[in-house]
Amino acid sequence: MRVLVTGAAGFIGSHVVEALEARGHEVTGFDLRCGDDVRDAAALARPLAEADAVVHQAAKVGLGVDVADLPDYASANVYGTAVLLAAMARHGVGRLVLASSMVVYGEGAYDCARHGRVRPGPRTAEDLSTGSFEPRCPRCGAGVLPAAIDEDARTDPRNAYATTKLAQEHLAANWARETGGTAVALRYHNVYGPRMPRDTPYSGVAAIFRSALEAGRAPRVFEDGGQRRDFVHVRDVADANVAALDGGVPGTPAVYNIASGQPHTVGELAAALSAQHGGPEPVVTGEYRLGDVRHITAAPDRAAAELGFHARVGFTEGMKEFATAPLA
Ligand code: UD1
């Protein structure tokens, strides 16, 4: 297939390009770092005229530091995707793979002994400041157990980035229904691996810990370190994109969790990276960030059944490589 990859020079995009080329696809890269902006319909015309599919990785990432970031997120992620979809329709490109995120869910899924599956709201500053980190049942206040989230779960985007990722999914769904195109959105869990960008105010925890170790500083583990995430290797995420190009149904938008299926705690992440890097040892600080969710882990079954996607890089092996792999 002739595939246009937006964000091709980025962390995940660059691995997607490699994976597509390895499977014999003909790839054209499109990236702001090379002066190509998805918000510029004229710049898209030539590459789209020669494409069978678009893999859309270009986005402003991170969580959004404060409301001052809203216009930039909306512009890059929402407006940019809208321009891209309109241009795809104009050029008759009928297949889209979209990079989405598990952040569209907000807090993960939990099971309450009395009320079954529940979705707790945000934790309060009072709870967090007194070390009460676990969410409680929103109906009876009892303790709950974390469960893997599936794609039918209600979405609850809690920041600028999450809101724009969900908006991208909705725009892609509109496009698919109206044009009969095939749109597959991939909800990435916590992606890590070689060429991950260094520590910035917008970085995820794996990049922050890895950058700290490189600078000889201890990873600082917030809360009590028991927060659960699904850390999925970037080469697996790239493979999921390749698989998604053959998936989906025309006119019917699809979403998939892209995860390893093997949840780990943030404390385990810090310990693994520190050990593989040769120290320093992590410090559990008890600090908290008000907007953080406690646990969010995925049921990867739908991507396995419908896309044939199975993550191959295990946590121990992946972290061993990541502990010394070059950052971007
Ligand atoms: C992250 C990304 C999000 C992405 C999602 C899925 C960021 C900021 N977040 O969300 O954009 O869509 O993964 O790939 O890029 N923590 C520490 N120490 C630190 C920093 C964080 O212990 O120095 C803890 C946090 O308190 C939190 C956990 O690590 O409990 C994860 O934090 P983070 O990676 O920032 O956010 P996610 O919610 O996982």
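The values are calculated or read from the model by the stated rules, or taken from the named source; none is laboratory data. Note that the coordinates shown come from a computational prediction; the quantities given were computed from them, not determined experimentally. Virtual Cβ from ideal backbone geometry, glycine too; neighbours counted across all protein chains shown. In case anyone asks, the SASA skips ligands and DNA or RNA and just uses the protein heavy atoms, side chains included. Shrake-Rupley method; radii C 1.70, N 1.55, O 1.52, S 1.80 Å.
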**OP:** Taking H placed 1.01 Å from N in the peptide plane, check which residues at least 5 places from VAL191 or on another chain put their amide H under 5 Å from its amide H.
**Re:** VAL232
**OP:** Evaluate Rg over Rh across the chain, taking Cα atoms for both radii and Kirkwood's formula for Rh.
**Re:** 0.97
**OP:** Would you mind telling me the share, in percent, of accessible area of the chain contributed by carbon and sulfur at probe 1.4 angstrom?
**Re:** 52
Original post:
Could you give the nm distance between label points at GLU287 and ARG23, where each point is 7 Å from its Cα heading toward the beta carbon?
Top reply: 4.0
**OP:** Could you size up the charge dipole of the chain around its Cα centre, putting +1 on the beta carbon of Lys and Arg and -1 on that of Asp and Glu, and report it in debye to the nearest 20?
**Re:** 280
Original post:
In segment 161-282, if every C-alpha pair distance is counted and binned at 5 Å from zero, what percent goes to each bin?
Top reply: 2, 11, 16, 18, 17, 12, 9, 7, 4, 3, 1
Original post:
For segment 170-183, in order, what is each residue's ³J(HN,Hα) by Karplus, 6.51 cos²θ - 1.76 cosθ + 1.60 with θ = phi - 60°, in whole Hz (x at glycine and Pro)?
Top reply: 5, 4, 5, 5, 4, 4, 4, 5, 7, 9, x, x, 10, 10
**OP:** Give the distance, in whole Å, between the Cα centre of segment 23-73 and the Cα centre of segment 98-134.
**Re:** 32
Original post:
How much length is gained if the chain between ALA74 and THR200 is pulled fully straight, taking 0.36 nm per residue apart and subtracting their Cα-Cα distance, in nm to one decimal?
Top reply: 43.4 nm
Original post:
What is the Rg over Rh value, at two decimals, for segment 1-68, using alpha-carbon atoms and the Kirkwood definition of Rh?
Top reply: 1.03
Subject >> Computed [θ] at 222 nm, helices only, for the chain once each DSSP H run of length n ≥ 4 contributes -39500 (n - 2.57) >> reply: -9500 deg cm²/dmol
Original post:
For segment 14-60, what is the charge dipole size about the Cα centre, in debye to the nearest 20, if Lys and Arg each add +1 at the Cβ and Asp and Glu each add -1 at the Cβ?
Top reply: 180
Subject >> Exposure of ARG117 as accessible area (Å², to 10), given a probe of 1.4 Å and all protein chains >> reply: 130
**OP:** Quick one: which residues, 5 or more positions from THR297 or on another chain, have an amide H under 5 Å from its amide H? H modelled 1.01 Å from N in the peptide plane, none for Pro or chain starts.
**Re:** ALA109, ILE149
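May I ask you to give the solvent-accessible area per residue for the chain, in square angstrom, as obtained with a 1.4 angstrom probe?
With the other protein chains kept in place, the chain gives 43 Å² per residue.
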**OP:** Kindly write out, for segment 105-115 in residue order, the coupling ³J(HN,Hα) from the Karplus curve 6.51 cos²θ - 1.76 cosθ + 1.60 (θ = phi - 60°), rounded to whole Hz, with x marking Gly and Pro.
**Re:** 7, x, 4, x, 8, 9, 10, 9, 4, 8, 10
Original post:
Given that compact globular proteins tend to follow 2.2 N^0.38 Å, what is the ratio of the alpha-carbon Rg of segment 215-295 to that value?
Top reply: 1.46
